[in-house]
Amino acid sequence: MNDNVADLVEFLLARIEEDERIADHVASVSPTTDTKFCLWATQFAFDAERMIVAADYQRVIAECAAKRNIVNEFLVASDPASTALELVLRLLASAHQDHADYRDVWRG
């Protein structure tokens, strides 16, 4: 794996961790576990500039697990599967293209 792809993996895992921390925080302060009711805003304790809308934090936790599984599949894949999965990683990263650490070379 070249350095550019290794950095992409590291970037994605960091964003997944951020989302997991947010979802875990929301779960810990949520007034209910009922996701149909749970639509409210909370200030994210780890980043005071970021307001989080907690609409189904259980889904966010499940999405984080799915994304982590995709990254893990890439890490153990052999060509040509790794080539296809690298494209998937690039597409996942594109959702964070406004992040300061995002690199234009990762565009899918």
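The values are calculated or read from the model by the stated rules, or taken from the named source; none is laboratory data. It should be emphasised that the depicted structure is a prediction, and the values quoted were computed from it without experimental measurement. Methodologically, a virtual Cβ is constructed for each residue, glycine included, from the backbone with ideal geometry; neighbour enumeration extends over all protein chains shown.
Applying a threshold of 9 Å to beta carbon distances and a minimum spacing of six or more residues, or different chains, the list of pairs starting in the stretch 67-83 at a residue that is farther than 14 Å from residue 5 by Cβ and ending at one that is modelled with pLDDT under 95 and among the acidic types (Asp, Glu) reads 67/19; 68/20.
Quickly run through the stretch 99-108 and pick out the residues that are under 18 Å from residue 3 (Cβ atoms) and either part of a loop (DSSP other than H, G, I, E, B) or touching a strand residue (DSSP E or B) at 6+ places or on another chain (Cβ under 7 Å) (or both). Steps first, answer last, please.
We begin by selecting, within the stretch 99-108, every residue under 18 Å from residue 3 (Cβ atoms); these are 101-107.
Those that are under 18 Å from residue 3 (Cβ atoms) and either part of a loop (DSSP other than H, G, I, E, B) or touching a strand residue (DSSP E or B) at 6+ places or on another chain (Cβ under 7 Å) (or both): 101, 102, 103, 107.
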